[in-house]
Every structure is written in structure tokens, then in C-alpha cells.
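One structure is given below, encoded as C-alpha cells.
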Amino acid sequence: MSGILSIAGLGPGGEALITPEVAAALAEATDVIGYIPYVARVAPREGLVLHPSDNRVELDRAALALRLAAEGRRVVVVSSGDPGVFAMAAAVFEALEAGPSHWRDLDIRVLPGITAMLAASARAGAPLGHDFCAINLSDNLKPWTLIEKRLRLAVEADFAMAFYNPRSKSRPEGFTRALALLQEACGDARPMLFARAVSTPEEELRIVPLDRATPDMADMRTMVILGSSQTRIIERPGGALLYTPRSVACV
Ligand SMILES: C[S@@+](CC[C@H](N)C(=O)[O-])C[C@H]1O[C@@H](n2cnc3c(N)ncnc32)[C@H](O)[C@@H]1O
């Protein structure tokens, strides 16, 4: 029997944001593979083997998934959010490209999920309503100089920006540097959203002007969204709404 490998996104945390397609794949799985906190979101049941592993072993995890699927098992690799956004889908394809040719005959499906950027944006209004970019602020897999270059070019292009992995305990200085660069390059008080643990009971949203943002406002459970020069705030009693208009009159 030939197996199936699904690479699935669990969404940002809330049960209601898991797609029916992902729920169905999990219900039929024989094996679930992923980073420890993501596998912990999958309910154990008879006939299901859970394979939690550490954050730094993405390629080993991908190879295990491919091997088990080649043995005929129904494997689901889980990521938070969407599996194609700074997550396991690319890692599985890296292992597939480097692995034995028979892996290429496998039935492999990528099942999308709601990425943190879109969940955070929706909670605050529509800050990504016009052109935007997404940048991973971790320098684990790329040099810091490249991150700085991309930040400067994104400011120059006047994109709204969504930042994943803003600030970890092991590299707290990165976000301090990114924030200083953005404050200097933008030179204004455009709104910045700090959306933490969106769709979970610990959810917290804060909107501050860029020139008053401080590094301690972000951690690894936070999505940071910086508006473009056009992004606006609508104040209202039930809480401010953040949005970027759909049109730009002139450049
Ligand atoms: C390794 S990336 C994985 C992104 C994931 N694949 C996605 O599509 O959302 C992890 C980062 O996503 C963001 N993130 C994930 N879940 C979040 C949530 N519920 N609330 C806010 N940010 C979240 C944080 O910036 C975190 O550091």
C-alpha cells in the first residue's frame, strides 16, 4: 500500500481556525510529526503515533515523515499557521530533493492553514489592505545583513510589513536593531501592531506609534505588523481599528 504525506497548517492556535481539510487529515492519520508544542495540539487516540521533536531538527523530521509515508503510513507533518510560511513544507521539499528517487512517487499534499500574519491583521482591522511584505526576523537561517537590506528596501517601497519571529530569548538584540533601523528609515509615527498569542486565551493586541515602540513589546509569540505611510487608525469606543486604504493616489 502506498502512503500519504500531508503537510498541514494548524492555524494560529484557536480550534475554530483549523480548516476542515486539516481536521479530516488528522482524523485519518497513523502518524503525526512536528515540533513539540504543535504535536501537543493534536489529541491522542488509538492507532495514532505522535512523533514530537525539537525545533532545530526540521530536516530529520522531514526525512522521518518521507520514510514513514514510503512504508505505507498516513503521515501528517504539522506546523502552526500555514505550513508554507516559514515552516515545514519547504523543509520536507528540501529533504525530498536530496533523498532517494522513490520518495518522488509519494502522494504529497500541502494543506493550508491560517497564517499568524492574517490572523493578527484580522483582529486589528485590515493593516495589510494594500501592498505588503512578510519578513522573518530570525537570523538562524540567513545573515543579519540580508534582513537589514530587506527592511530598508521595504521601507523604500512603502510596503506595510509583517514580522514573524521578532524576538527570542537567545537573540533579543535583533529586534532592537530592526526597530532602530525602522524608526530611523521611516522617520514618522506610523502605527505598529503587536499581536500576541492571537486566537488563544492569552491573546493581547497593542497598537503604538512607531516612534514609541520598544523592543520589550515583542516576544516569540508575537506577530508585529508595521503600517505603510498610508496606514490609518479609526478611533472608536469598542477599540481602535487599523487599516491601510486600498488605493494610493500618487507616488
Ligand atoms: C516559525 S514562525 C511559524 C509561522 C507559521 N507557519 C504561520 O504561518 O503562522 C513562528 C512565528 O509566527 C508568529 N506566530 C505564530 N502563531 C502566532 C499567534 N497565535 N499569535 C501571534 N504570532 C504568532 C510569531 O511571530 C512566531 O514567532
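So the values come out like this:
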quantity	calculated
Check: the range 4-114 dipole with +1 on Lys, Arg Cβ and -1 on Asp, Glu Cβ, in debye	100
Compactness of the range 32-103, expressed as Rg and Dmax over alpha-carbon positions, Å	11.9, 34
Residues in the range 153-197 reached by a label modelled at ASP139 [backbone nitrogen below 12 Å; 7 Å Cα→Cβ]	171-178
Between the range 1-50 and the range 169-209, the alpha-carbon center distance in angstrom	31
Beta bridges by DSSP in the chain, antiparallel share as percent, to the nearest 5	40
Length-normalised contact order of the range 204-251 in % [C-alpha pairs under 8 Å, at least 6 apart]	23
For the chain, built as a Gaussian network whose Cα springs stay under 10 Å, the top-fluctuating residue of GLY99, GLY125, GLY13	GLY99
Rh (Kirkwood; distinct C-alpha pairs) - the range 117-243, Å	14.5
Only Lys, Arg (+1) and Asp, Glu (-1) charged, at Cβ; the chain dipole about Cα centre in debye	300
Degrees separating the helix 144-156 axis from the principal Cα axis of the chain, which is the longest one	50
Cα-projected label distance for GLU21 with SER101, points at 7 Å along beta-carbon direction, nm	3.1
Within the range 181-248: Cβ-based charge dipole about Cα centre, in debye rounded to nearest 20 (Lys, Arg +1; Asp, Glu -1)	300
Efficiency of FRET from Cβ geometry, ALA180 and CYS250, R₀ 41 Å, rounded to 0.05	0.85
Carbon/sulfur fraction of accessible area - the chain, other protein chains in place, 1.4 Å, %	54
Principal axis dimensions, largest first and in whole angstrom, of the chain by Cα	60, 41, 36
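The values are calculated or read from the model by the stated rules, or taken from the named source; none is laboratory data. Just so you know, these numbers come straight off a predicted model, no measurement behind them. Every residue, glycine as well, gets a Cβ built from its backbone with ideal geometry; the counts of neighbours run over all protein chains shown. Each accessible area value is taken on the protein alone, full model and side chains, heavy atoms only, with ligands, DNA and RNA left out. Shrake-Rupley method; radii C 1.70, N 1.55, O 1.52, S 1.80 Å.
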